[in-house]
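Right, one structure below, let's go through it.
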Amino acid sequence: MDWHQQYIGKVKQAVFHTHKTGRKRVVASTEQNIIATLDLRRGEIFWRHVLGPNDVVDGIDIALGKYVITLSSGGSILRAWNLPDGQMVWESSLHGPKHSKPLLLTRNLIIEKDNVLIVFSNGRLNAVSCIDGEVLWKKDFEEESLEVQQVIQPPGSGFIYVVGFAASSQFEMYKINAKNGELLKHESTAFSGRFTGEVSLVSSETVVALDSTGSILLTISFHNGKISSQQTPVSNLLEDSPGLAVIIHPSVTGIFAIKTDAATIFIRVIGEGKLEVVEKTNHETVVSDALSISEGQQAFALVQHAGSSIHLTVKPAHDWDSNLLKESIKMDQQRGFVHKVFINNYIRTDRSHGFRALIVMEDHSLLLLQQGAIVWSREDGLASIIDVTTSELPVEKAGVSVAKVELNLFEWLKGHVLKLKGTLMLATPEDIAAIQHMRLKSSEKSKMTRDHNGFRKLLIALTRAGKLFALHTGDGRIVWSHLLQSLHKSESCRQPIVLNLYQWLVPHHHALDENPSVLVVGRCGPSSDALGVLSLVDSYTGKEFSSLSLVHSVAQVIPLPYTDSTEQRLHLLIDADKHAHLYPKTPEAIDSFQSEFSNVYWYSVDDDNGIIKGYALKTKCSSNVADEFCFDSRELWSIVLPSESEKIITTATRKLNEAVHTQAKLIADQDVMYKYISSNLLFVATVAPKASGEIGSVTPEESWLVVYLIDTVTGRVLHRMTHHGSQGPVQAVLSENWVVYHYFNLRAHRYEMSVIEIYDQSRADNKDVWKLVVGNHNLTSPVSSYSRAEVITKSQSYFFTHSLKAIAVTLTVKGITSKQLLIGTIGDQVLALDKRFLDPRRSVNPTQAEREEGIIPLTDSLPIIPQSYITHSLRVEGLQSIITVAAKLESTTLVFAHGLDLFFTHYAPSRTYDSLTEDFSYALLLITIVALVAAIFVTWILSQRKELQDRWR
Amino acid sequence: MAFSCKNSSKFNGFSSCIKMVMVGTSAIMMQQRTLAMEASLCVKKSKKKGADSVTRPNSQISAAMAAVTPLLLLLLLSSAPSFSSGSRNAYNINGRVKIPQGLGLGTKGYALPGRMSNVKVLLNGGQNITFLRPDGYFSFHNIPAGTHLIEVSAIGYFFSPVRVDVSARNPGKVQAALTENRKGLSELVLEPLREEQYYEIREPFSIMSLLKSPMGLMVGFMLAVAFLMPKLVENMDPEEMRRAQEEMRSQGVPSLSSLLPGGARN
């Protein structure tokens, strides 16, 4: 019923561990700050650890053949993990005088029988013991302007070179004794130009650098502690002027590569600073690091794209023209370009070298290539989902006969006998296997058609890499995936960013035969005034059938509750200049929009300045370009929060598709309260600017939390409340007429959750029966934001143990089922908490009537019942958000939690009162019926016999 | 409360630890006590050692502790916050997470294995995350002075968040208290308050449970009445029978069952 998928994210660095016999592994660090080891045969995760958000992994390596070493947090934390099980073995904190580029070096350096790691971080060179993480010696480099670029340990020697730039025009070289950190020699040379920063190491005593204009290559060698250098203009090597060049540095002996706009150029260093171009390619080329395959021999891999396949070439470092391996592999176009490649070798049975390559693609997926084929692939793009929407599956066609699906009677009976055995615990292991197999085979849940209960849907997920995935809710498999071409890096769009996903077309009675489609909104560049990009994708096939490069920016997207005749939903895009643009651009859309023109309101929240503004549409755009789909807006209201005392940290609104069953709420003494239900309610939480930092940075006296409930049409503040001595982060959810939010109480030093319920007082006087009879009531008057509603609010606060990562509320199709909160805790679990625990009418001693109504006696903290973790013993690592979707069955809500992992389940807040559960024992029911019938017969016969005997008497 | 505590308070901390862990008999308790004495002596000794090697005080102590007994690896200095060289107002918080062995594996075989490698320690709602060493120790580096919150995330166990005050005025002094029950900690040794069972145990199918259910009882009773009653009636004295029938007729209550011992309840 539920599924869980684990991902690691986009791999940054990978190290193979294949020397020993036993399981072959690959250790990887990713951009999501994860360290993981994967099975090299199947790609499964052995173990993985998610480091903190600021604990960026700088380097990984394997030491002693059994420890994974990671350097993180800008070089200040060095950890060793046990390779087989991922247990942390030791942790060292490395500090230094200043911040610098972290460098990790683990070439088998042995000092007095101790394996040593050389780490350069924070301006200090440390030698750390592999066994227990103890710092053996350290050497500070305190010169203010020194930027250390490389730490080199020539193999077999007892010293270390530290090379770098001082004041970006002076080359510095330090020779350090590896045994004790003693400075042996220090040399420096000044250059006329400035350095760009990156250097490439071409041998253990030669580096290549580019100057800041990107046009002169410097070859610097420091053989025996003497610095000698040679300058070569790039234009000497290439006939045509290449423009700005960048060094890409494969650490291959004797060869380096520079990359210009048009081409990648491989250059070999011959002798004393002589350079020679060995190859120039115009294809997108990715180079791996060097791998030493036998004594003194190195190899490296090149990956190039050619149409729908990629070419993997492995070359020895000393001889460019020969190839150790040349393979061509068909590659799915939807994976985009290759971003990274890592290689590893193995010895074939005929003692020749075989190579396997791990490649990271543009969509963040990870693939292992071996012998010209893809051995396994991982869709790690799913570790960074940005937005999710759902789509219904197609209706089952009449042509598909049901009989084929159903088994024949004998098999059906056999199946039930097996199931019965299973329930009675008589089943043998083979039987159990057979039952499992049958369950899987006959499972309705993974069909590609709509089901009666609405459990089967497609989850459309948009990932950061700009790829759309459609996941089947039944088993979580990927139905299709599509790399959006319109959001691809191109001349016109250099830095595409995907933003959101909206439902564009939901088939309804007008357009039942159409496939549903989704709208992807993106923009070209990180700033909010970059031009927008729209793309329309078919939800069934994953084909991008239309895309638009907009001439305006996208600041906000408002899906309107109107559709045109082909059921395309109207969307209003607000640009950075507060113009509104209507999509789709059809005359019909504008016609239907004109009639609702005056009813469109929206708001914007400016976090930085603390301003909330409301807008309405004014006229057609007054700009010189005639565009009838563009509208000017006017500002209706604005709320300016005092910036010295309040800073907006969270806002929350109601879900657009939420259904509310009834406005009235019956309370214990036969009284009625009317919920104030408005879809224009906005919850805003602000904190003292000082307290917007982390927990513990302020005293309770100087921190406060203020919450507002604002009507976004009129800008009226319906409710305002201050929590003194509290601070963020605030997680909030708004549903029906209540809002629940979570924050930190500094006085008690605990987390708290508060609830605010808002009731409409203007309808409260409808209790008089006579008024109802006479018709003198306002029950049928519409709820409108224009009318000034009299509202009352009730609120209450409770302690809650855990920090929160996400909060959501269950959603059912009609809103009859009672609500539960779904809380994503800091431990990456999802906890279901009944809304009744967050009821402001709770009191310490509820009356008998209140108890009957279901009011729970007040306690100061909310209970955490382990059985109500809907993730059970699973973790949704890196939990980001929880999405709830209503099934067609009123009792059930579909819950999808995503972060690094994906988790999906069905959840029934009030149990499945409208259907039999999956484990309902039909067999027992049958047995009971049969037994009863048999009993009737037996007793009937017995009674007849008795009667006969009585007559004979 | 304070970590630089006296001997007596240390001993108190010890016995309370034992109370939490041990559910055994009093005999075992006694044994524990004596061991506890030994252990506290050991602590005193190693504390001195810990003072001079500030950066890594734990390994030596744990080695010393290992000599005592693995069962009683309870307590330990920890949280000797130390200056990190260079930055003046950054401190280290050292502590220990202890998952008692008896809790996880015990009678309940389905309890989840609380693997130490999957335990995370989080500072201030995930701002810093650290992991446990094999002996359960953890440390946060470069923490500014102030009040912090430490949470432990371990599948299968419920840990209370811990409030930790790192004092700037008085370096080396750290105070800790459980926020759930406001209990002060003399050492930063975090133990689960309780185990968490994420699964409800499904009742296995059995004839007895079927019979014990209300339906089963009703059926059983009806069967008893149907089959035993005629027998009882048969064994009655015919005289008495007649008398009873007459009595009944006179009362006008035509119920045979009211006469019988079981029937009155019906």
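The values are calculated or read from the model by the stated rules, or taken from the named source; none is laboratory data. Bear in mind that the values here come from a model prediction, so they are computed numbers and not experimental data. Note that we place each Cβ from the backbone using ideal geometry, even for glycine, and neighbour counts take in every protein chain shown.
Results, tabulated for the structure shown:
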{"item": "Odd one out for A:GLY65 among (1) touching a His at 6+ places or on another chain (Cβ under 9 Å); (2) within 19 Å of B:ASN118 (Cβ to Cβ); (3) away from chain B (no Cβ under 12 Å)", "result": "(2)"}
{"item": "Whichever residue in the stretch A:836-858 is of a type in the set (A, V, I, L, M, F, W, C) and in a loop (DSSP other than H, G, I, E, B) and, among such residues, is farthest from A:TYR741 (Cα to Cα)", "result": "A:VAL844"}
{"item": "Per-region count, the stretch A:867-901, residues under 30 Å from A:VAL11 (Cβ atoms), surrounded by fewer than 23 Cβ atoms within 10 Å (Cβ to Cβ) and of a type in the set (A, V, I, L, M)", "result": "2"}
{"item": "Search result, residues across the stretch B:165-195 that are among the aliphatic types (A, V, I, L, M) and more than 9 Å from every other protein chain (Cβ to nearest Cβ)", "result": "B:ALA168, B:VAL174, B:ALA176, B:LEU178, B:LEU185, B:LEU188, B:VAL189, B:LEU190, B:LEU193"}
{"item": "Scope the stretch A:887-919; condition polar (S, T, N, Q) and within 14 Å of another protein chain (Cβ to nearest Cβ); matching residues", "result": "A:THR905, A:THR917"}
{"item": "Residues satisfying the stated conditions in the stretch A:37-62, i.e. within 14 Å of chain B (Cβ to nearest Cβ) and of a type in the set (A, V, I, L, M)", "result": "A:ILE45, A:VAL50, A:LEU51, A:VAL56, A:VAL57"}
{"item": "Enumeration of residues in the stretch A:75-90 that are within 11 Å of chain B (Cβ to nearest Cβ) and either under 23 Å from the mean Cα position of the chain (by Cα) or assigned to a loop (DSSP other than H, G, I, E, B) (or both)", "result": "A:SER76, A:PRO84, A:ASP85, A:GLY86, A:GLN87"}
{"item": "Some residue of the stretch A:790-801 being aromatic (Phe, Trp, Tyr) and more than 27 Å from A:GLU658 (Cα to Cα)", "result": "yes"}
{"item": "Residues that are among the hydrophobic types (A, V, I, L, M, F, W, C) and more than 12 Å from every other protein chain (Cβ to nearest Cβ), drawn from the stretch A:129-148", "result": "A:CYS130, A:LEU136, A:TRP137, A:PHE141, A:LEU146, A:VAL148"}
{"item": "From the options A:GLY52, A:GLY59, A:GLY86, residue that is surrounded by 18 or more Cβ atoms within 10 Å (Cβ to Cβ) and touching a helix residue (DSSP H, G or I) at 6+ places or on another chain (Cβ under 6 Å)", "result": "A:GLY86"}
{"item": "Members of the stretch A:688-711 found to be part of a helix (DSSP H, G or I) and on the phi > 0 side of the Ramachandran plot, listed by number", "result": "none"}
{"item": "Single residue of A:LEU879, A:LEU916 found to be over 30 Å from A:ARG750 (Cβ atoms) and among the hydrophobic types (A, V, I, L, M, F, W, C)", "result": "A:LEU916"}
{"item": "Subset of the stretch A:856-883 that is β-branched (Val, Ile, Thr) and within 11 Å of chain B (Cβ to nearest Cβ) - its residue that is nearest to B:ASN118 (Cα to Cα)", "result": "A:THR871"}
{"item": "Count - residues of the stretch B:113-138 that are among the small types (Gly, Ala, Ser) and facing chain A (nearest Cβ under 7 Å)", "result": "3"}
{"item": "Positions within the stretch B:89-132 being at pLDDT below 80 and of a type in the set (A, V, I, L, M, F, W, C), in sequence order", "result": "B:ALA90, B:ILE99, B:LEU103, B:LEU105, B:ALA111, B:LEU112, B:MET116"}
{"item": "Cβ pairs under 8 Å, 6+ apart, first in the stretch A:577-590 and outside any loop (DSSP other than H, G, I, E, B), second modelled with pLDDT of 85 or more and acidic (Asp, Glu)", "result": "A:ALA580/A:ASP632; A:HIS581/A:ASP575"}
{"item": "Counted residues, the stretch A:831-847 - those being under 19 Å from A:THR912 (Cβ atoms) and either within 14 Å of chain B (Cβ to nearest Cβ) or touching a Cys at 6+ places or on another chain (Cβ under 6 Å) (or both)", "result": "1"}
{"item": "Qualifying residues in the stretch A:397-424 (those that are surrounded by 14 or more Cβ atoms within 10 Å (Cβ to Cβ) and not in a helix (DSSP H, G or I)) - the one modelled with the highest pLDDT", "result": "A:LEU424"}
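This table checks each residue for (1) in contact with a strand residue (DSSP E or B) (Cβ under 8 Å, 6 or more places away or on another chain); (2) over 30 Å from A:ALA849 (Cα atoms); (3) not hydrophobic (A, V, I, L, M, F, W, C).
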site: A:VAL605; (1), (2), (3): yes, yes, no
site: A:GLY610; (1), (2), (3): yes, yes, yes
site: A:GLY614; (1), (2), (3): yes, yes, yes
site: A:GLU635; (1), (2), (3): yes, yes, yes
site: A:ILE648; (1), (2), (3): yes, yes, no
site: A:ALA652; (1), (2), (3): yes, yes, no
site: A:ALA664; (1), (2), (3): yes, no, no
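Quick grid of which residues meet (1) more than 13 Å from chain B (Cβ to nearest Cβ); (2) on the phi > 0 side of the Ramachandran plot; (3) modelled with pLDDT of 75 or more; (4) touching a Pro at 6+ places or on another chain (Cβ under 6 Å):
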| position | (1), (2), (3), (4) |
| --- | --- |
| A:HIS99 | no, no, no, no |
| A:THR106 | yes, no, no, no |
| A:LEU109 | yes, no, no, no |
| A:LYS113 | yes, yes, no, no |
| A:LEU117 | yes, no, yes, no |
| A:GLY123 | no, yes, yes, yes |
